[in-house]
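These notes concern the structure reproduced below.
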Amino acid sequence: MPDERVPVLETRKLGITFGGLKAVSDFNIRIYPGELIGLIGPNGAGKTSVFNLLTGVYAPTEGTVILEGKPLNGKKTYQFVEAGVARTFQNIRLFKQMSVIENVKTACTKDIHYGLFAASFRTPKFWRAEKAVTEKAMGLLKICGLTNEAELPAASLPYGKQRKLEIARALATDMKILLLDEPAAGMNPTETAELLACINTIRDRFGIAILLIEHDMSLVMNICEKIQVIDYGQTIAFGTPAEIAANPKVIAAYLGE
């Protein structure tokens with residue numbers, strides 16, 4: 001029976017070509033509220049290109065990106081964020097010399113409702129807004145287990161906590177879908193386990209949809225409800241973790257014999 005819910009994010013025949021090379025072709029996906037979907041495939045399969053298409057970094061040469069029924073084609077990256085699409089990156093992108101809490105507060109633009117006058121003269125309106133933003137940022141740091149590090153420079157955090165800080169900052173945008181690009185890359189097993197717990201808490205607490213690129217297959221198989229596999233820019237399989245693990249095309253292309 002067809003799912004009658006409106007997807008949070010949907011793509012229809014999405015694709016992009018670079019100089020005659022099709023990096024992504026006929027990519028179709030539907031992600032519903034609260035779902036956690038994995039996107040996997042070999043290196044160079046086109047996974048990050050998909051993320052760049054879904055966040056406005058790349059403009060598609062074909063197809064459509066749709067958020068809650070509204071096309072996003074032609075919009076700038078910041079407009080994707082304003083609409084409700086947030087992401088993290090393979091390479092951590094923090095404001096390294098700013099404090100942990102300041103990094104999160106930079107993403108709270110939707111909560112800033114004062115103008116230049118209030119900011120310049122530190123009016124009561126300014127302080128009320130600042131108090132609300134600080135409380136929101138601290139709440140997100142608590143969810144990610146970073147309250148004790150709130151005033152430390154972001155650069156001083158160990159690698160695993162920097163990853164979680166990047167997620168906390170993405171959450172501050174009040175997104176409808178969160179795209180995580182290899183969040184466990186470079187982590188040790190303890191950090192990976194903490195990240196898995198953090199992602200589950202976020203999904204349960206906020207009820208948001210999450211799309212995850214990851215090469216750590218134990219994490220993918222443990223956390224994702226469905227997995228979509230791409231190779232050479234095209235989808236070769238979609239299903240539950242058990243179905244993907246047993247799929248001959250996936251085994252040949254990615255999981256190995």
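Read-outs: derived from the displayed coordinates by stated rules, not from any lab. Keep in mind it's a predicted model, so treat the numbers as computed, not measured. Counting neighbours? That spans all protein chains shown, and the Cβs are built from the backbone with ideal geometry, glycine included.
Values as computed for the structure displayed
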| quantity | calculated |
| --- | --- |
| Mean projected area in nm² (Cα convex hull; one quarter of hull surface) for the range 37-176 | 10.5 nm² |
| Antiparallel content of DSSP bridges confined to the chain, in %, to 5 | 55 percent |
| Span-like helix ranges in the chain, DSSP H, alpha carbon extent 27 angstrom or more, Kyte mean at least -1.0 | 124-143 |
| Inter-site label distance for W127 and F238 at 7 Å from Cα along Cβ, in nm | 5.4 nm |
| Rg and Dmax of the range 130-257, Cα atoms only, in Å | 16.6, 56 |
| Tail weight of P(r) past 16 Å, computed on alpha-carbon pairs of the range 95-173, percent | 48 percent |
| Additional length obtainable on full extension of the chain from S120 to T106, 0.36 nm per residue less Cα span | 3.3 nm |
| Tally of Lys pairs whose C-alpha atoms are under 12 Å apart, taken over the range 95-173, 8 or more apart or cross-chain | 4 |
| Stretch gain in nm, segment Q97-I251, where the contour uses 0.36 nm per residue and the Cα spacing is subtracted | 51.1 nm |
| Spin-label pair N73/F206, simplified geometry with 7 Å Cα→Cβ offset, distance in nm | 2.8 nm |
| Dipole of the range 21-78 [Lys/Arg +1, Asp/Glu -1 at C-beta], most positive-end residue of T55, V65, I29 | T55 |
| Rg/Rh ratio calculated on Cα atoms of the chain (Kirkwood radius) | 0.99 |
| Extension reserve of the E135-K13 stretch, reckoned as 0.36 nm per residue once the Cα distance is removed | 39.7 nm |
| Alpha carbon centroid spacing (whole Å) that separates the range 202-247 from the range 67-143 | 28 Å |
